[in-house]
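> The structure under discussion is supplied below as structure tokens; questions concerning it will follow.
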Amino acid sequence: MRSPKDFFAPLALGAPAPVREIPVTPSRMIHFFDPGNEKMAAKVPDIAKKVDVLLGNLEDAVRADRKEAARAGLVAIAKANDFGKTQLWTRVNSLDSPWVLDDLITLVTEIGDKLDVIMVPKVEGAQDIHYVDRLLAQLEARAGLTKPLLVHAILETASGVANVEEIAGASPRMQGISLGPADLAASRRMKTTRVGGGHPGYLVRTDPVGDDLTEGRTTYQQDLWHYTVARMVDACAMHGILPYYGPFGDIRDVVACEDQFRNAFLLGCVGAWSLHPVQIDIAKKVFSPSPSDVAWARRVIAEMGDGTGAVMIDGKMQDDASVKQCRVVAELADALAADDPELAAAYDAATKEALG
Ligand SMILES: CC(C)(COP(=O)(O)OP(=O)(O)OC[C@H]1O[C@@H](n2cnc3c(N)ncnc32)[C@H](O)[C@@H]1OP(=O)(O)O)[C@@H](O)C(=O)NCCC(=O)NCCSC(=O)C[C@](C)(O)C(=O)O
Ligand SMILES: [Mg+2]
């Protein structure tokens, strides 16, 4: 482990100084596209206008014989476009693959100044982040970059989950972590074949009323991902980085997608992945707090004055802790509203009504 005193020192001569705080900009949806797929790539300039993050994916879902095309496509797209406030991320191939070294060398050298975050799949422990950390510093120095690239890990192996706290704190570059439910299910030998989401067989059942074990027993489906998401959220919060739910593979089931995203939002995640254009608005809706929740939060903050003591609002006790909960919601709303006049108007209208 590096000495805490050296933690914020660059890992190569001439590399930019690591950030002390992760920039918290809206990242409600990380929109995945295959930069080597011409149809998808053609849609990117338009999609960029409505997403917080665009991610050029080079790893799984890109065929082995299309890896070079995807890499070259991303370089071309990044050079040809200015996406304004929309961040540009990439997911490189896994560290044990034959492509990752060329992914990193090419992307940092060619478009390192356009990329914000590099997503690293199948991270097993801090050692994987340390490898990427040093290599990025060397490449940044050689490319003359002035802003350090940030790193995002996908939590998709059993050992990654076991080591999630050390992964979250492995480098000042660590920006966040996403759940990767498909690889994680395989790694753990779970028996779901779905990409994220629930499973009807994972349930609890009410007790029998009489002798008949089959009658009148309600079942409730449980969330397969609750434990992992909750652990990931704690690890991220502990290290000042951001947690994300990952992909929801049943593109057609927009209802269950919204539910899965909302569970993650309520547990502390800041965003999710959109794999298809239809999932963009779902993520936007879910990861922007509702106007009524924002109005309530602002009202509690207003009525709590200096934030200490206890008051009753509409029959509910508020105190020093609940005002902090309300600040989380209100601060997120302010950050999102700053770039979105429609959302700002909806929040202000609801607040006006709530405050009378
Ligand atoms: C699901 C698929 C195959 C359906 O693709 P489709 O063409 O069958 O769908 P469609 O409804 O017919 O598409 C309509 C139009 O939208 C376009 N389109 C469609 N999707 C996109 C997109 N994302 N961005 C931009 N444009 C898109 C598509 O090209 C088409 O264009 P057209 O009207 O001109 O013909 C397709 O949407 C797709 O490939 N999406 C990305 C998949 C992906 O990135 N997967 C990897 C992330 S999940 C993962 O890796 C797991 C994880 C974390 O690692 C772990 O849990 O382990
Ligand atoms: Mg995966």
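> Name, by its number, the condition in (1) assigned to a helix (DSSP H, G or I); (2) of a type in the set (Gly, Ala, Ser); (3) touching a residue at least 12 places away in the same chain (Cβ under 8 Å) that does not hold for Ala321.
(3)
> Would you call Gly169 within 16 Å of ligand 2 (Cβ to nearest atom) and within 17 Å of Ile241 (Cα to Cα)?
No; evaluated as a whole, the condition is false for this residue.
> Is it true that Arg205 is in the same structural domain as Ala126 (by the TED database), away from ligand 2 (no atom under 15 Å from the Cβ) and touching an Asp or Glu at 6+ places or on another chain (Cβ under 7 Å)?
No: the conditions fail for Arg205.
> Right, next: Checking Gly210 against (1) more than 16 Å from ligand 2 (Cβ to nearest atom); (2) within 30 Å of Ala126 (Cα to Cα), only one condition comes out false. Which one?
(2)
> Check whether at least one residue in segment 253-265 is touching a residue at least 12 places away in the same chain (Cβ under 8 Å) and within 16 Å of ligand 2 (Cβ to nearest atom), and report yes or no.
no
> Also, quick follow-up: Quick one: is Thr192 touching a His at 6+ places or on another chain (Cβ under 8 Å) and within 15 Å of ligand 1 (Cβ to nearest atom)?
The answer is yes for Thr192.
> I'd like the full set of residues that are among the small types (Gly, Ala, Ser) and out of contact with any Pro (no Cβ under 8 Å at 6 or more places or on another chain), limited to segment 156-177.
Those that are among the small types (Gly, Ala, Ser) and out of contact with any Pro (no Cβ under 8 Å at 6 or more places or on another chain): Ala158, Ser159, Gly160, Ala162, Ala168, Gly169, Ala170.
> Additional query: Only residues that are out of contact with any Gly (no Cβ under 9 Å at 6 or more places or on another chain) and either assigned to a helix (DSSP H, G or I) or surrounded by 15 or more Cβ atoms within 10 Å (Cβ to Cβ) (or both): list them for segment 233-257, please.
Passing the criteria: Ile251, Val254, Val255.
> Condition first: of a type in the set (D, E, K, R) and surrounded by fewer than 21 Cβ atoms within 10 Å (Cβ to Cβ). Now tell me which residues in segment 135-167 satisfy that.
Arg142, Lys147, Glu165, Glu166
> Still on this structure: Among the numbered criteria (1) of a type outside the set (Val, Ile, Thr); (2) more than 23 Å from Ser27 (Cα to Cα); (3) away from ligand 2 (no atom under 12 Å from the Cβ), which one does Ser187 miss?
Of everything listed in (1) of a type outside the set (Val, Ile, Thr); (2) more than 23 Å from Ser27 (Cα to Cα); (3) away from ligand 2 (no atom under 12 Å from the Cβ), Ser187 misses just condition (3).
Residues are listed down the side, and each one gets a yes or a no for (1) of a type in the set (S, T, N, Q); (2) away from ligand 1 (no atom under 16 Å from the Cβ):
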site: Gly112; (1), (2): no, yes
site: Ile118; (1), (2): no, no
site: Glu124; (1), (2): no, no
site: Ala141; (1), (2): no, yes
site: Asn163; (1), (2): yes, yes
site: Ile167; (1), (2): no, no
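> Given the structure, is Val209 farther than 25 Å from Asp253 by Cβ and either assigned to a loop (DSSP other than H, G, I, E, B) or without any contact (Cβ under 8 Å) to a residue 12 or more places away in the chain (or both)?
yes
> On to the next question. Restricting attention to segment 32-57, and to residues there that are more than 10 Å from ligand 1 (Cβ to nearest atom) and aliphatic (A, V, I, L, M), which single residue is nearest to Tyr244 (Cα to Cα)?
The selected residue is Val53.
The values are calculated or read from the model by the stated rules, or taken from the named source; none is laboratory data. Worth saying up front: this structure is predicted, and the values here are computed from it rather than measured. Cβ coordinates were reconstructed from backbone atoms using ideal geometry, including for glycine residues, and neighbour counts include every protein chain displayed.
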